[in-house]
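Student: Take a look at this one; I'll ask things after.
The values are calculated or read from the model by the stated rules, or taken from the named source; none is laboratory data. Because the structure is predicted, anything quoted here is derived from the model rather than measured. Here the Cβ positions follow ideal geometry from the backbone for every residue, glycine too, while neighbour counts run over all protein chains shown.
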């Protein structure tokens, strides 16, 4: 039987690659949302991680509190077991927009299969934020909908405050999980809507629904179906919806289908050298946001008459300009994400490929071995990247162990990369973004402290972080 595992994270920052989880909270429920178990893990800060000053001010977890709790390796291993319990549906609020990818990198750098919770043993994922958009559009009676500073809001903290879902401070992982579970209960008071939206997170159901969309027209590339993309990223100004046309699949990434936005007037000005700037293609993975709805009139009217007229004119233009339409399709089908040449190993999940069966077995043996017996297993890895990750596991998590003592040279080299001279850039992640360096963090602290709008607690948090950085880096 499937169970829901509602979860939330508090982290040292927003970088999925280099930041770490410092609080993990989860509530497992049955399909009727009756609670079965609750978890709240506070995780010890790794010695190589420099917390973001802004993140510290958001969740307000003092640096001193981050010295306690299980190490990352042990905690992430426990979380991986929660996620991969047979029949588990992991679910959160914006979990597929942030938390899930954060966990994927945490699993990877701790030598755990990063994707199995998405498909194996009856497990899959859902996201309440993707569902709340549809309720806001079509079933508002299930909730009171907040305004914040004169603007509508679908942030969990604002929904929680207005609807009194859970008591406690915002940005505490356990409070946010309790609020998300109660929010789901409110949404389930419209059970047909809940079940329909839940179907979008099942890959087979999502594919069937996309394949059932009406065909707008055919071209040499095949049949082009018409739908409405519903996604929180589109925002209130666009009513969270945009008309889209199916233009095929990615040649580089089999799990991506391509949907051309039709409500952009610049589309008709597209030339072969302006495809990047004049066209917007959504790369949709089955079972993930955004949702593709059928272009029924009750949905279609939500985009408004102006955007509807633009979409209809663009459909005519595409049929009348088949050569440029073919080039648009080919351009987006052939697109590949850029390779980052100086990518740090922690960020190499998407560039490193899948682990061999032999290396997967060595990962399991590495996890099963006592701490002081892990080091001899490192040489058994065929992949040199996995050997380096295993070394990092030991000196990041078990610095006082015999195994880590043998890796002091590797640890020193790595820490020099983490804390380069102020004039040197930090390591790069998979998006080409730099890892937070001590110099950068100290600069952020100075900027925030100079703002003059901080309460006593926030000033103390920043002062403690500054002391931590200067003492340890």
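Student: Among (1) part of a loop (DSSP other than H, G, I, E, B); (2) free of Cβ contacts under 8 Å to residues at least 12 places away in the same chain, which single condition is residue 277 missing?
Tutor: (1)
Student: Moving on to the next point. Any chance region 69-90 includes a residue that's touching a strand residue (DSSP E or B) at 6+ places or on another chain (Cβ under 7 Å), surrounded by 22 or more Cβ atoms within 10 Å (Cβ to Cβ), assigned to a loop (DSSP other than H, G, I, E, B) and assigned by TED's automatic domain parsing to the domain that holds residue 132?
Tutor: No, every residue in region 69-90 fails to be touching a strand residue (DSSP E or B) at 6+ places or on another chain (Cβ under 7 Å), surrounded by 22 or more Cβ atoms within 10 Å (Cβ to Cβ), assigned to a loop (DSSP other than H, G, I, E, B) and assigned by TED's automatic domain parsing to the domain that holds residue 132.
Student: Still on this model: Residues of region 53-68 being part of a loop (DSSP other than H, G, I, E, B) and farther than 18 Å from residue 177 by Cβ, which ones?
Tutor: Hits for region 53-68 are 62, 68.
Student: With the checklist (1) closer than 20 Å to residue 233 by Cβ; (2) touching a residue at least 24 places away in the same chain (Cβ under 8 Å) in hand, flag the one item residue 272 doesn't pass.
Tutor: It is condition (1) that residue 272 fails.
Student: Now for a separate question. One residue is enough: does region 266-278 have a residue meeting the conditions touching a strand residue (DSSP E or B) at 6+ places or on another chain (Cβ under 9 Å), at pLDDT 95 or above, surrounded by 13 or more Cβ atoms within 10 Å (Cβ to Cβ) and farther than 30 Å from residue 429 by Cβ?
Tutor: Yes, that holds for at least one residue.
Student: Does residue 129 qualify as being within 18 Å of the chain's Cα centre (by Cα), assigned to a helix (DSSP H, G or I) and surrounded by 20 or more Cβ atoms within 10 Å (Cβ to Cβ)? Let's see the steps before the verdict.
Tutor: Details: within 18 Å of the chain's Cα centre (by Cα): yes; assigned to a helix (DSSP H, G or I): yes; surrounded by 20 or more Cβ atoms within 10 Å (Cβ to Cβ): yes.
So residue 129 fits the description; yes.
Student: Tell me, yes or no, whether region 183-190 has at least one residue that is more than 25 Å from the chain's Cα centre (by Cα) and surrounded by fewer than 21 Cβ atoms within 10 Å (Cβ to Cβ).
Tutor: yes
Student: Return the pairs, sorted by first residue and then second, in which the second residue is surrounded by fewer than 22 Cβ atoms within 10 Å (Cβ to Cβ) and in a strand (DSSP E or B), the first residue lies in region 221-233 and is without any contact (Cβ under 8 Å) to a residue 60 or more places away in the chain and at positive phi, the beta carbons are less than 9 Å apart, and the residues are 6+ apart or on different chains.
Tutor: Final answer for the pair search is 222/248.
Student: While we're looking at this one, here's another question. Applying the selection to region 425-473, what residues are loosely packed, with under 15 Cβ neighbours inside 10 Å, out of contact with any strand residue (DSSP E or B) (no Cβ under 8 Å at 6 or more places or on another chain) and under 18 Å from residue 15 (Cβ atoms)?
Tutor: Scanning region 425-473 gives 431, 432, 443.
Student: Does region 323-344 contain at least one residue that is closer than 26 Å to residue 397 by Cα and either crowded, with 18+ Cβ neighbours inside 10 Å or without any contact (Cβ under 8 Å) to a residue 12 or more places away in the chain (or both)?
Tutor: For region 323-344, residues closer than 26 Å to residue 397 by Cα and either crowded, with 18+ Cβ neighbours inside 10 Å or without any contact (Cβ under 8 Å) to a residue 12 or more places away in the chain (or both): present.
Student: Also, I was wondering about something else. Of all helices (runs of 4 or more DSSP H) completely enclosed by region 287-376, which ones contain at least 2 residues that are farther than 30 Å from residue 435 by Cβ, under 31 Å from the mean Cα position of the chain (by Cα) and modelled with pLDDT under 95? Before you say what the answer is, go through the steps one by one.
Tutor: Working: elements: 297-300, 304-320, 322-334, 357-368.
Passing ranges, in order: 297-300.
Student: For region 91-136, give me each residue that is more than 27 Å from residue 293 (Cα to Cα), in contact with a strand residue (DSSP E or B) (Cβ under 9 Å, 6 or more places away or on another chain) and free of Cβ contacts under 8 Å to residues at least 40 places away in the same chain.
Tutor: Result: 121, single match.
Student: Let me ask you something else. Counting only residues that are over 24 Å from residue 17 (Cβ atoms) and surrounded by 17 or more Cβ atoms within 10 Å (Cβ to Cβ), how many does region 374-420 have?
Tutor: Of the residues in region 374-420, 4 are over 24 Å from residue 17 (Cβ atoms) and surrounded by 17 or more Cβ atoms within 10 Å (Cβ to Cβ).
Student: Filter region 144-174 for residues that are touching a strand residue (DSSP E or B) at 6+ places or on another chain (Cβ under 8 Å), farther than 21 Å from residue 130 by Cβ and modelled with pLDDT of 95 or more and give the result.
Tutor: Within region 144-174, just 174 meets the criteria.
Student: Can you name the condition, by its number, that residue 371 falls short on among (1) in contact with a helix residue (DSSP H, G or I) (Cβ under 7 Å, 6 or more places away or on another chain); (2) loosely packed, with under 15 Cβ neighbours inside 10 Å?
Tutor: Among (1) in contact with a helix residue (DSSP H, G or I) (Cβ under 7 Å, 6 or more places away or on another chain); (2) loosely packed, with under 15 Cβ neighbours inside 10 Å, residue 371 violates only (2).
Student: Select, from 186, 209, the only residue that is modelled with pLDDT of 95 or more, in contact with a helix residue (DSSP H, G or I) (Cβ under 8 Å, 6 or more places away or on another chain) and outside the structural domain of residue 327 (by TED's automatic domain parsing).
Tutor: Every option except 186 fails the conditions.
Student: Quick one: residue 445 ticks every box in (1) in contact (Cβ under 8 Å) with a residue 40 or more places away in the chain; (2) outside any helix (DSSP H, G or I) bar one, so which box is it?
Tutor: (2)
Student: Select, from 53, 146, the only residue that is in contact with a helix residue (DSSP H, G or I) (Cβ under 7 Å, 6 or more places away or on another chain) and without any contact (Cβ under 8 Å) to a residue 24 or more places away in the chain.
Tutor: Testing whether each residue is in contact with a helix residue (DSSP H, G or I) (Cβ under 7 Å, 6 or more places away or on another chain) and without any contact (Cβ under 8 Å) to a residue 24 or more places away in the chain leaves just 146.
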